[in-house]
Amino acid sequence: MADSSDISGDMTEEYWNAVVSPRVAAARAERELATRGQEQLVAAVEDVLFRADPIGINFGTNTDEYRAEAQSIVIRMPDATSESGVLDIVHEVFVTWFDSEIAGSAERYAPVAHEIWTVWNRAIRADG
């Protein structure tokens, strides 16, 4: 007799379709709403992440692979008052999305944070 923690393939797919997929879709919709009007900034941050590829998921053709992280970063950028603040945000986003082991140390994101801080400041000047 299988215990209740033994989930068959069909149950996993059922759970995914009933619970996980709607949550993923809702979270995506929230990020898209929160970044509405900032699509160019999201694209620029996404490009920085894709080129830097801090966790090794750039396979050359999957250019949208870092979109959720870019949106998450852009949503939090108004809280950043320095490049160091951006570093904290970027690292926290990657820890949230992937976990601390995969994300690695904050220092790994220093070049990314520098470039995002530059992109952010250009965007602010363009809007101002």
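Couple of notes before you dig in:
- Within segment 65-84, restricting attention to residues that are more than 14 Å from Y109 (Cβ to Cβ) and charged (D, E, K, R), the residue that is surrounded by the most Cβ atoms within 10 Å (Cβ to Cβ) is R67.
- Looking only at residues in segment 41-91 that are polar (S, T, N, Q) and in a helix (DSSP H, G or I), the one that is farthest from E30 (Cα to Cα) is S84.
- Selection from segment 102-128 of residues that are modelled with pLDDT of 95 or more, among the acidic types (D, E) and loosely packed, with under 15 Cβ neighbours inside 10 Å: E107
- A count restricted to segment 9-42 and to residues that are among the aliphatic types (A, V, I, L, M) and either over 30 Å from W120 (Cα atoms) or exposed (fewer than 11 other Cβ atoms within 10 Å of the Cβ) (or both) stands at 8.
- Selection within segment 86-101 - surrounded by fewer than 17 Cβ atoms within 10 Å (Cβ to Cβ) and under 13 Å from the mean Cα position of the chain (by Cα): E92, V95, T96, W97, F98, D99
The values are calculated or read from the model by the stated rules, or taken from the named source; none is laboratory data. Only a predicted model underlies this, so the values are computations on that prediction, with no experimental measurement involved. Because the Cβ atoms are built from the backbone with ideal geometry, glycine has one as well, and the counts that use them run over all protein chains shown.
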